[in-house]
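Okay, so here's the structure we're looking at.
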Amino acid sequence: MILTAAPLYDAARHVLKDENLIKNIEEIAKDTALLHGVLMRTKETPNSPEVVSYAPFTLFPTPVPTALFHQALAVQTHFNRLVDRVSQNPAFLEETLASTIKVDNFTARLFNIYKQVQEEHRPQSIVLGLNRSDYMLDHSPDGGTSLKQIEINTIAASFGGLASRTPDVHRHILKVANLPEESNNVLDNNPAAGLARGLAKAWELYGSERAVVMFLVEDVQRNIYDHRFVENELWKRNIPVIRRQFEDVCRSGSLDESRRLFVDGHEIAIVYFRNGYMPQNYTSEESWEARLMMERSLAVKCPDISTHLAGTKKVQQELAQRGVLERFFPDEPETVAQIRATFAGLYTLDMGEEGDKTVAMALANPDQYVLKPQREGGGNNIYGTEICEVLENLKSSTERTAYILMDKIQPVPVQNYLLRPGAPLKLNSCLSELGVFGAYVRKGKDMVFNECVGHLLRTKSSEHADGGVAAGVAVLDNPLLV
Ligand code: ADP
Ligand code: MG
């Protein structure tokens with residue numbers, strides 16, 4: 001068993017092995033999750049509120065070093081500004097994505113929409129960004145631990161809602177497990193309120209009391225309760241919310257002469273995309289037309305198409321190149337240093353000498369890297385010997401430029417139980433990923449709102465290389481600072 005020597009885990013060591021106690025806590029934990037609204041709809045009835053279950057979560061919170069946790073929170077407002085500045089730099093986006101869009105059809109289609117709206121006068125100068133920057137704690141052979149960014153999600157970053165409710169669940173479990181001191185140390189967290197503050201700010205600036213916030217959602221809505229926490233924060237402020245799908249926008253969406261967006265008779269102040277980040281979200285040509293119509297409209301888009309593109313893995317890789325961050329923060333060496341400290345090694349696969357070097361490096365030591373296509377949503381990355389298979393096939397073809405290569409982060413596994421509906425409880429060796437939520441609103445040139453609004457810890461069994469909570473691999477967790 002590999003555990004830190006932190007007080008919780010000294011104390012919890014015997015708890016983890018006490019089968020009777022664990023059995024007893026298991027039921028209490030699940031009931032407590034239900035009581036606190038840590039919910040998900042079931043696989044069998046994803047669109048029905050009649051039968052729901054708890055969202056998967058860990059039995060115990062996971063130790064996270066205090067300094068690294070605070071480092072992640074502290075850099076968030078800088079990441080907000082970075083994403084925003086990248087989104088505002090057409091030359092950078094165009095140059096960076098040039099090779100990718102030649103071979104990646106999905107990114108190319110997004111880029112086409114971007115080019116189309118670039119050429120038009122943009123009616124809306126309000127930008128709302130709600131993102132989540134994800135990290136793992138890399139354990140180096142010399143014993144040091146450092147915070148390394150996995151990626152930044154600029155569209156549909158999820159679990160801000162449910163993460164607002166999990167602290168009370170873990171507090172209760174720890175009390176029942178006779179760990180009262182640890183219970184007191186579970187951090188408060190309320191990203192739902194923070195994300196809603198960003199939405200509310202943008203809604204106020206839009207300036208019409210009748211206009212609504214539209215959550216653009218998928219047809220399968222297992223994770224609806226995560227959204228509902230944010231929605232209800234808006235309703236508390238008397239900001240009306242509707243939920244619609246691409247097909248609703250196709251069917252009833254229109255722009256008036258001032259390019260105000262109307263859907264089912266509602267004027268839309270904000271389109272909050274909780275969908276639209278994967279190729280399969282666009283089920284027809286009409287979905288693409290609907291995306292374009294929303295982009296062309298006066299509605300505030302969260303994110304707008306340029307901010308969506310700023311979150312691609314190719315952009316992430318380019319930002320890690322020498323001298324690039326400096327271009328975005330020319331007078332802020334401290335900011336650059338803070339951001340750069342979180343970057344893992346990222347390598348281009350563009351055609352040419354540098355890309356060839358990347359291929360050779362990956363083939364020589366595949367276990368040290370992750371090969372990533374321009375996809376979101378988990379389960380798309382390539383690891384280990386499969387990297388060799390893919391690169392051997394693609395190494396001389398421009399197809400390789402659809403990917404980037406990244407250093408593989410090596411966190412220390414921690415033992416925990418994962419609670420998942422229908423799965424038997426068993427002690428797992430687990431890896432965690434810390435997410436930090438950022439919210440910002442810009443009006444014209446002025447950043448009028450820029451905050452770090454909370455965190456998310458997700459934990460998965462170390463036998464899985466990839467995959468998030470929605471993909472059925474990771475579960476919700478909380479950091480316990482040590
Ligand atoms: P997605 O957009 O699909 O979420 P990510 O870049 O977040 O793509 O990767 C998905 C998962 O793969 C992450 O949640 C993490 O578990 C794992 N992963 C990604 N990059 C790395 C890395 N560099 N080192 C180790 N694991 C990684
Ligand atoms: Mg991810």
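Rule-based calculations on the coordinates, nothing more; no lab input. Just so it is clear, the model here is predicted, and its values are computed rather than measured. Glycine also receives a Cβ, built like all others from the backbone with ideal geometry; neighbour counts cover every protein chain displayed.
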The percentage of Cα-Cα pairs in the stretch 136-186 separated by more than 16 Å is 65
Residues with amide H under 5 Å from that of Gly438, placed H, sequence gap 5 or more: Asn131, Arg132, Ser133, Val453
In the stretch 55-130, which GluC sites (Glu not before Pro) fall in coil by DSSP and have 15 or fewer other Cβ atoms within 10 Å? Glu120
Treating cross-link reach as a plain straight distance, find the aspartates and glutamates whose alpha-carbon is under 15 Å from the alpha-carbon of Lys313, omitting any fewer than eight places away in the same chain. Glu94, Glu95, Asp104, Asp134, Glu151, Asp350, Glu376, Asp407
With each run of n ≥ 4 DSSP H residues scored as -39500 (n - 2.57), what mean residue ellipticity at 222 nm is computed for the chain after dividing by its residue count and rounding to the nearest 500 deg cm²/dmol? -12000 deg cm²/dmol
Using every Cα-Cα pair within the stretch 154-226, state what percent have a distance larger than 13 Å. 74
For the stretch 1-124, take N as its residue count and report Rg(C-alpha) divided by 2.2 N^0.38 Å. 1.74
Relative contact order as a percentage, the chain, C-alpha pairs under 8 Å and 6+ apart, gives 25
Cleavage-rule hits (trypsin sites (Lys or Arg not before Pro)) in the stretch 195-240: DSSP loop, at most 11 neighbouring Cβ within 10 angstrom: Arg210
When the convex hull of the Cα atoms of the stretch 295-444 is projected onto a plane and the area is averaged over all directions, what value comes out in nm²? 13.7
Relative contact order in percent for the stretch 347-473 (Cα pairs under 8 Å, 6+ apart) equals 22
Mean separation of Cα contacts under 8 Å (at least 6 apart) over the residue count of the stretch 348-408, i.e. the relative contact order in percent, is 45
So who's got an amide H within less than 5 Å of the one on Val412, skipping anything under 5 residues away but keeping other chains? H placed 1.01 Å off N, in plane. His139
Rg and Dmax [Cα atoms of the stretch 400-469; Å; Rg one decimal, Dmax integer]: 17.9, 54
Gained length - His139 relative to Asp18, 0.36 nm times residue gap less alpha-carbon distance: 40.6 nm
Scaled radius of gyration (Cα, divided by 2.2 N^0.38 Å) that the chain gives: 0.97
From the alpha carbon gyration tensor of the stretch 362-482, can you work out the equivalent ellipsoid semi-axes (sqrt of 5 times each eigenvalue) and give them in Å, largest to smallest? 29, 26, 13
Estimated vicinal HN-Hα couplings, Hz - the stretch 47-57 in sequence order (Karplus 6.51, -1.76, 1.60; Gly, Pro = x): 10, 10, x, 6, 10, 10, 9, 6, 6, x, 8
